[in-house]
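The values are calculated or read from the model by the stated rules, or taken from the named source; none is laboratory data. What you see is a predicted model, and the numbers here were worked out from it, not measured in a lab. We place every Cβ from the backbone using ideal geometry, glycine too, and count neighbours over all the protein chains shown.
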Amino acid sequence: MLNPAKVKELAATLRGHVVQPEDTDYHSARRVYNAMIDRYPGLIVQCRDVADVMRCVDFAREQSLLLAVRGGGHNGGGLGTCDQGLVIDLRNLKGIRVDPEARTVRVEGGCTWSEVDHATHAFGLAVPCGIISTTGVGGLTLGGGLGHLTRKYGLTIDSLLEADVVLADGTLVTANAESHPELYWALRGGGGNFGVVTSFLFRAHPVKMVTAGPTFWPLERAVDVLRWYREFIVSAPQDLNGFFAFLTVPSGPPFPEVLHGKQVCGVVWCYTGDDAVKVFAPVAAFGPPLLHGVHELPFPALQGVFDAIYPPGDQWYWRADFVNELSDAAIAQHVKFAARLPTPQSTMHLYPIDGAAHGVKAGDTAFAYRKANWSAVFAGVSHDAADVPAITAWSKAYSDALHPHSAGGAYVNMMMDDEGDARVRASYRDNYARLVAVKKRYDPDNLFRVNQNVRPH
């Protein structure tokens, strides 16, 4: 139970805004991206600077409060909030500084990827990130970071040079290859287990315009498309990324009206090289699609394509798995569940994680599945809360059916909070023991446990 006098004392020491249940902005402040998550923190502090974060960590530790850290608020399992405890809300930490000569960008912990893309694009640069631009930088990075540039430039963490971190004891450290190297290792895929990252320093890469967009085929061709895709993408140039999807074509531009509401299979491409005609020739040779919507566009425009399709406030339930091979038996299960999409927003994606991502050894970062070829996500999504039982049941059943064909673990950014400790351990494989050792050193009392938790004992 929060002590009102202690809260008042805390507020007097902060520059940021303190939000409590009785405040008029409480319900808007507690809201996160996934509307299925409906939690009631005892206290939300919208920090203004690092000093605020340090003070809040001290307060949570001293008052024995459950502590959650919110960046972009996108975590599907709702791990940026909590019931009754304290939420450190970083939404006002928005500083971004690009160094075009060094090709680096420093990003504060409350930024979204759209804000980073805006800043870096002016210099013809980009950082590998996800596929929805409203995603928070912090959550996506700490879990690994999969997206359109993975095959070309690796995971987001492969471009992370250093991080400023507020530890469980309230102190601030900088973690990089020379300073706190074990913490630096753990932050690259180990999630929010080790502290509050208040800023990231990324290496940025030359990306300006890309050739990108979807190719759709009839759902009835899904078996043939998946068999073709599994061979094509792993042998394609690293400049070409393409994630496979089952989806319902949105009813609106830029999609042709004849396809609106049609269930399809497809690949969403991103090509960063030259001579796109030559690279996409095998796609055309495979067979006539319903739509081949590939064209040149600025990279930030590609990053924002899914923002309107998946706005904040939808209901989400998702499961995930890493995948080494797409066997015919696995494809048969995929097609079975694709025919049962419970809502127009529900989908399954296969994100490639080969190419440059395979160039890093499994033990070099906390992200363990460096030899997997894909990360699969089974996402039940709806605008309507009445659909929650249906999307949850479909996602669970789909995941259960495909899990025997998986590599064993899952991308921690795409796990719910109900999957258990064994699932977390499986997702870190041989890296788990090393993560435990880092946790013991930097957070021995497990203050940072609202996450896919690595326990210190």
Filter the stretch 311-330 for residues that are among the polar types (S, T, N, Q) and not in a strand (DSSP E or B); the one that is nearest to the chain's Cα centre (by Cα) is Asn324
| Condition check for Ala308: outside any helix (DSSP H, G or I), modelled with pLDDT under 95 and either exposed (fewer than 12 other Cβ atoms within 10 Å of the Cβ) or outside the structural domain of Arg370 (by TED's automatic domain parsing) (or both) | yes
Counting only residues that are out of contact with any helix residue (DSSP H, G or I) (no Cβ under 7 Å at 6 or more places or on another chain) and among the aromatic types (Phe, Trp, Tyr), the stretch 163-197 contains a total of 2
In the set Thr135, Thr112, the lone residue that is touching a Phe, Trp or Tyr at 6+ places or on another chain (Cβ under 7 Å), modelled with pLDDT of 95 or more and hydroxyl-bearing (Ser, Thr, Tyr) is Thr135
Taking the conditions exactly as written (small (Gly, Ala, Ser) and touching a His at 6+ places or on another chain (Cβ under 9 Å)), does Gly80 satisfy them or not?
yes
In the set Gly147, Gly154, Gly124, Gly130, the lone residue that is surrounded by fewer than 21 Cβ atoms within 10 Å (Cβ to Cβ), over 17 Å from Val69 (Cβ atoms) and not aromatic (Phe, Trp, Tyr) is Gly124
inquiry  = Take Ala168 and tell me if it is in contact with an Asp or Glu (Cβ under 7 Å, 6 or more places away or on another chain) and either surrounded by 22 or more Cβ atoms within 10 Å (Cβ to Cβ) or touching a residue at least 24 places away in the same chain (Cβ under 8 Å) (or both).
reply    = yes
The correct count of residues that are out of contact with any helix residue (DSSP H, G or I) (no Cβ under 8 Å at 6 or more places or on another chain) and either in a loop (DSSP other than H, G, I, E, B) or acidic (Asp, Glu) (or both) in the stretch 24-48 is 10
Within the bounds of the stretch 324-341, is there any residue that is among the hydroxyl-bearing types (Ser, Thr, Tyr) and buried (at least 17 other Cβ atoms within 10 Å of the Cβ)? no
* Asked: Within the stretch 359-377, is there a residue that is at negative phi and in a helix (DSSP H, G or I)?
  -> yes
Note: among Val173, Val197, just one is surrounded by 22 or more Cβ atoms within 10 Å (Cβ to Cβ), within 30 Å of Glu62 (Cβ to Cβ) and aliphatic (A, V, I, L, M), namely Val197
Checked the stretch 391-419 for anything among the acidic types (Asp, Glu) and either in contact with a Leu (Cβ under 8 Å, 6 or more places away or on another chain) or crowded, with 16+ Cβ neighbours inside 10 Å (or both); matches are Asp417, Glu419
When (1) surrounded by 15 or more Cβ atoms within 10 Å (Cβ to Cβ); (2) in a helix (DSSP H, G or I) are applied to Gln452, the one that fails is (2)
Within the stretch 281-296, the residues that are surrounded by 15 or more Cβ atoms within 10 Å (Cβ to Cβ) and within 28 Å of His118 (Cβ to Cβ) are Gly293, Val294
Residues of the stretch 38-48 being buried (at least 21 other Cβ atoms within 10 Å of the Cβ) and within 11 Å of Thr81 (Cα to Cα), in sequence order, are Pro41, Leu43, Ile44
Margin query: Condition first: touching a strand residue (DSSP E or B) at 6+ places or on another chain (Cβ under 7 Å), of a type outside the set (A, V, I, L, M, F, W, C) and touching a residue at least 40 places away in the same chain (Cβ under 8 Å). Can you find one or more residues in the stretch 361-370 that meet it?
Written below: yes
Reported set for the stretch 420-439 where residues are surrounded by 15 or more Cβ atoms within 10 Å (Cβ to Cβ) and either free of Cβ contacts under 8 Å to residues at least 40 places away in the same chain or touching a helix residue (DSSP H, G or I) at 6+ places or on another chain (Cβ under 7 Å) (or both) is Arg423, Val424, Arg425, Ala426, Ser427, Tyr428, Tyr432, Leu435, Val436, Val438
Condition met for Gln46 (polar (S, T, N, Q), at negative phi and under 24 Å from the mean Cα position of the chain (by Cα)): yes
Quick count over the stretch 393-412, residues being closer than 25 Å to Ala329 by Cβ, under 22 Å from the mean Cα position of the chain (by Cα) and in a helix (DSSP H, G or I), is 8
Counted residues in the stretch 211-243 being small (Gly, Ala, Ser) and free of Cβ contacts under 8 Å to residues at least 24 places away in the same chain come to 1
Selection from the stretch 249-275 of residues closer than 21 Å to Gly154 by Cα and either of a type in the set (Val, Ile, Thr) or over 24 Å from the mean Cα position of the chain (by Cα) (or both) yields Val267, Val268, Thr272, Gly273, Asp274
